[in-house]
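A.B. asks: One structure coming up, written as structure tokens, with questions to follow.
The values are calculated or read from the model by the stated rules, or taken from the named source; none is laboratory data. Please read these numbers as outputs of a predicted model, since none were measured by experiment. Don't worry about glycine lacking a Cβ; one is built from the backbone with ideal geometry, like all the others, and counts go over all protein chains shown. SASA here: full protein model, heavy atoms, side chains in, ligands and nucleic acids out. Shrake-Rupley method; radii C 1.70, N 1.55, O 1.52, S 1.80 Å.
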Amino acid sequence: MKRKFADLEAHEALHVAIFIEERNARIYERFAQQFAEAGDEESQEIAATLREMGDEELGHGSRLQELYYQYFKNQPCSLTDADVEDVIEVPELQAAEAFPAGVPDRRWALEVALAAERQAKQFYTELALLTLDAPLRGLYQELARQEQDHEDFLEAKLAAMKKT
């Protein structure tokens, strides 16, 4: 049975956050590969952006893993985002495979990433509100700010595309 995010124990919420960051890093990398294969300059730029975002997601995951070990040592947890009722930062990139040339529309790709980053910001903001532990709350607030930076960056890219 799916559970509400607010009902998760602290170690479960942190585990789900780690899972999400690692999963999204893989998704962004696969998506970047699709753009890199196109070969044109704009596609290469978008591929680099998506790779950078994937690297940041991996960095977030690593920091969260360190905290998990610090607070919960090797306490097992098998929850994933699929076990949680709430929608949590899922870049829905599966539709990219339906494009005949294998390269999705650039605007669409950035909009998908933007939606995921907005969800991530909301996710970490809610975690910060639910977390009583000050260091964990601070980390979640920092991650929410970083997701806001991603959101701002993607919005600027989309605005620049509108001008061209």
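A.B. asks: Quick check on my filter: what residues within segment 30-45 are open to solvent by 60 Å² or more (accessible area, probe 1.4 Å) and within 20 Å of residue 20 (Cβ to Cβ)?
C.D. replies: The answer is 30, and nothing else.
A.B. asks: Tell me the residue from 42, 89 that is assigned to a helix (DSSP H, G or I), modelled with pLDDT under 85, touching a helix residue (DSSP H, G or I) at 6+ places or on another chain (Cβ under 7 Å) and not aromatic (Phe, Trp, Tyr), please. Please lay out each step first, then the result.
C.D. replies: Numbers: 89 fails: assigned to a helix (DSSP H, G or I).
Answer to the check: 42.
A.B. asks: When you scan segment 129-147, how many residues do you find that are part of a loop (DSSP other than H, G, I, E, B) and not hydrophobic (A, V, I, L, M, F, W, C)?
C.D. replies: Number satisfying all stated conditions: 2.
A.B. asks: Looking at segment 46-63, I want the residues that are buried (at least 18 other Cβ atoms within 10 Å of the Cβ) and have a partner that is of a type in the set (Lys, Arg) and part of a helix (DSSP H, G or I) with Cβ atoms under 8 Å, at least 6 apart or on another chain. Which pairs are those?
C.D. replies: Close Cβ pairs (under 8 Å, with a partner that is of a type in the set (Lys, Arg) and part of a helix (DSSP H, G or I)) amount to 46/106; 49/157; 54/26.
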